[in-house]
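What follows is a short report on a single structure.
The values are calculated or read from the model by the stated rules, or taken from the named source; none is laboratory data. If you're wondering where the values come from, they're calculated on a predicted model, not measured in any experiment. Virtual Cβ from ideal backbone geometry, glycine too; neighbours counted across all protein chains shown.
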Amino acid sequence: MCPEEPRGADFTRRAVLAGLAWGQIPSGLGKGRWLASDRRRTTDPATDTPLMRLTDPAYASLLPGSHLRALARAGTFLVYSGDRGGSWQVFRLELGDGRQQQLTQAAELDPSSPGLLPDDRNFCYFDGRSLRRVSLRSLREREIYRIPEGWQRGEGYSLALDGSHAAVMEERGELGRLRLVRLSSGSAVTVAEGTPALGMPRLRTRREGLLYREGDITVWTVGLDGRNRRKLPLPPGRLGHYAWAPDGQSVFYLHRPVGPGSAIGLRELRLDSGADQVVAETSDFVAFSPNRDASVFVGASGSLAGPYILLLSRAGRRELALCEHRASDPGRTAAVFSADSQRVYFQSDREGKWALYAVPVDRLVERTDTRGL
């Protein structure tokens, strides 16, 4: 098996900094400053779907990968990375009126790293080698963890949904290791290491543990204490994007079977029984995200003939095109549902630099319960 990580799926530092030019829009920016809305209503010409463009494509704006949470559970705001002042910083975007607030004054922000913590009052991000925690109210921040000397940050980073830990990849030469950082204290332990380097960590909660990729052939699950490490029994073929199911009892993943002309399928592996089944075939998905109850998935197609953001119904195994993403790299669209499943958010450079978009799906997807999140 050869895992095929979607291009730019985690918005790695290398891909983002190499592929996106910094904006040149002086606008009196600074940590804590509020900026007027620059959102605009539009319509997708391919599907006539109404869209809300949330940021101006004259500067670059990026959501984190779908495994990190950018959207507040109440649906009132989101956090994203933007370069509108000449350097990458974290911003808060109010979804009610479109206003934006600069939240950081980082020296070396990793644009892929901001992620909200469970209380929606704090977030974490990487500034160079430093993992930092910031209060959204006071904007005070502190360093939680620093990559040790002699090591470099590897590709991939994840936060537990319960806010207990961060999973950080580190590299030294050919060796890679997966470090688990306790957010309350900053203490860190190594839970896995190997050559070739490890990648794509996916934390869920203290109970479920984490997933990670090793080289180009295997995906493992391991407990937060480093025990019960086991290789996932996936079928032969090419593996793409993967994610925890919302209940933490299974793993969803994209898979292309061996053989010419085979379609990319979305599959589910139950961790307790090892049962593996096809959820549905897809039209060349390169990335996906489930909604709150995993009844519907939002995905990005890598097809040049059909560059769509798509809804995939689990019950009907049918796809519905929401809009064209027309992104230069479909793996970077980072499409996700709001907590109540009534909107989809994604990003695209369809109009210039990467910008954020919202599309309503309330007539297509049942509202999900956000209590207990």
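If I filter segment 347-368 for residues that are surrounded by 15 or more Cβ atoms within 10 Å (Cβ to Cβ), at pLDDT 95 or above, closer than 18 Å to Gly240 by Cβ and in contact with a strand residue (DSSP E or B) (Cβ under 6 Å, 6 or more places away or on another chain), do I get at least one hit? No, segment 347-368 contains no residue that is surrounded by 15 or more Cβ atoms within 10 Å (Cβ to Cβ), at pLDDT 95 or above, closer than 18 Å to Gly240 by Cβ and in contact with a strand residue (DSSP E or B) (Cβ under 6 Å, 6 or more places away or on another chain). The residue that is farthest from Arg41 (Cα to Cα), counting only those in segment 116-134 that are crowded, with 23+ Cβ neighbours inside 10 Å and not aliphatic (A, V, I, L, M), is Phe126. Checking Gly265, Gly316, Gly331, Gly259 one by one, the residue that is touching a His at 6+ places or on another chain (Cβ under 6 Å) and of a type outside the set (Ser, Thr, Tyr) is Gly265 and no other.
Conditions tested, residue by residue: (1) at pLDDT 95 or above; (2) outside the structural domain of Gln342 (by TED's automatic domain parsing); (3) closer than 20 Å to Thr218 by Cβ; (4) polar (S, T, N, Q).
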site: Gly237; (1), (2), (3), (4): no, no, yes, no
site: His241; (1), (2), (3), (4): no, no, yes, no
site: Pro257; (1), (2), (3), (4): no, no, yes, no
site: Ser262; (1), (2), (3), (4): no, no, no, yes
site: Phe297; (1), (2), (3), (4): yes, no, no, no
site: Ser303; (1), (2), (3), (4): no, no, no, yes
site: Tyr308; (1), (2), (3), (4): yes, no, no, no
site: Ser313; (1), (2), (3), (4): yes, no, no, yes
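Is segment 58-66 home to any residue that is surrounded by fewer than 21 Cβ atoms within 10 Å (Cβ to Cβ), out of contact with any Pro (no Cβ under 8 Å at 6 or more places or on another chain) and modelled with pLDDT of 95 or more? So far as segment 58-66 goes, yes, one or more of its residues are surrounded by fewer than 21 Cβ atoms within 10 Å (Cβ to Cβ), out of contact with any Pro (no Cβ under 8 Å at 6 or more places or on another chain) and modelled with pLDDT of 95 or more. A single entry from Gly226, Gly163 fulfils the requirement of being within 19 Å of Phe126 (Cα to Cα), free of Cβ contacts under 8 Å to residues at least 60 places away in the same chain and not hydroxyl-bearing (Ser, Thr, Tyr): Gly163. Selection within segment 145-180: residues that are more than 19 Å from the chain's Cα centre (by Cα) and of a type in the set (Phe, Trp, Tyr). The member of this set that is surrounded by the fewest Cβ atoms within 10 Å (Cβ to Cβ) is Trp151. Against the test of being touching a Leu at 6+ places or on another chain (Cβ under 7 Å), farther than 21 Å from Ser348 by Cβ and not assigned by TED's automatic domain parsing to the domain that holds Val168, the options Gly86, Gly32 yield a single qualifying residue, Gly32. Counting only residues that are among the small types (Gly, Ala, Ser) and either free of Cβ contacts under 8 Å to residues at least 60 places away in the same chain or surrounded by fewer than 19 Cβ atoms within 10 Å (Cβ to Cβ) (or both), segment 238-247 holds 1 of them.
Restricting attention to segment 244-300, the residues that are over 26 Å from Leu159 (Cα atoms) and aliphatic (A, V, I, L, M) add up to 7.
Out of curiosity, is Val189 buried (at least 20 other Cβ atoms within 10 Å of the Cβ) and either touching a helix residue (DSSP H, G or I) at 6+ places or on another chain (Cβ under 6 Å) or in a strand (DSSP E or B) (or both)?
In short, no.
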